[in-house]
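For reference, the structure is listed below as structure tokens.
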Amino acid sequence: RCCLAIHERIDALAPDYQDSYGEVPGFRIGLHGGPVVAAQCGDVKQDIVYFGDTINTAARIQAYCKEAGRDLLISGELMARMPASDKWIAEHLGAVHLRGRDAEIELLALAPARGADSAP
């Protein structure tokens, strides 16, 4: 819902952005789910970092957004675990080979459904 709300908000403000800055901001989001490792790093300046195959796969999906010409892509594996909703439209893009990955992964493009309110 958050990703779709970002999309809708940017669309709603697009004329203002265009008038004020001569451009409309864009974004690319890749979503995948699974286990991650979280760690606290640093002595003086401490950060929480996340890593693992799930994070790497999400990053590869996000990078594929540009090639696919889409703002928001989600793995088929994560989509299968999400509840059905009338708030988004999912378009199957098929199985793709992502850079640095051995196996293909099923991807879907998500977009807000027409007239759907993205609020929870």
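The values are calculated or read from the model by the stated rules, or taken from the named source; none is laboratory data. This is a predicted model, so every value here is computed, not measured. Neighbour counts are summed over all protein chains in view; Cβ atoms, including those assigned to glycine, are modelled from backbone coordinates with ideal geometry. For accessibility, only protein heavy atoms count, side chains too; no ligands or nucleic acids. Shrake-Rupley method; radii C 1.70, N 1.55, O 1.52, S 1.80 Å.
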Charge dipole of the stretch 32-76 built from unit charges on the beta carbon (Lys, Arg +1; Asp, Glu -1), centred at mean Cα; most positive-end Cα among GLY34, VAL44, GLN62 is GLN62
Over all distinct Cα pairs, what is the inverse of the mean 1/r for the chain, reported as the Kirkwood hydrodynamic radius in Å? 16.1 Å
Counting only Cα atoms, I'd like the Rg/Rh figure for the stretch 31-83, Kirkwood definition for Rh. 1.11
The set of residues whose placed amide H lies less than 5 Å from the amide H of VAL96, leaving out same-chain residues fewer than 5 positions away, is ILE105, GLU106, LEU107
Phi-based couplings in Hz for the stretch 50-60 (Karplus 6.51, -1.76, 1.60; Gly and Pro marked x): 10, 7, x, 4, 4, 5, 4, 5, 4, 5, 5
What does the helix-only formula give at 222 nm for the chain: each DSSP H stretch with n ≥ 4 adding -39500 (n - 2.57), the total divided by the residues, and the result rounded to the nearest 500 deg cm²/dmol? -11500 deg cm²/dmol
Report, to the nearest whole %, how much of the accessible area of the stretch 1-56 belongs to carbon and sulfur atoms, 1.4 Å probe, protein only. 54 percent
Just to be sure I understand: of the beta bridges DSSP finds with both ends in the chain, what percent are antiparallel, rounded to 5? 85 percent
5 angstrom amide H check on GLY33, placed H, neighbours 5+ away: LEU78
Result for the chain: accessible area per residue, probe 1.4 angstrom, in square angstrom, of 67 Å²
Spin-label model distance (nm) - PHE27 vs LEU13, 7 Å beyond Cα toward Cβ: 1.0 nm
Quick one: longest stretch of the chain between exposed loop GluC sites (Glu not before Pro), exposed meaning at most 12 other C-beta atoms within 10 Å and loop per DSSP? 24-103
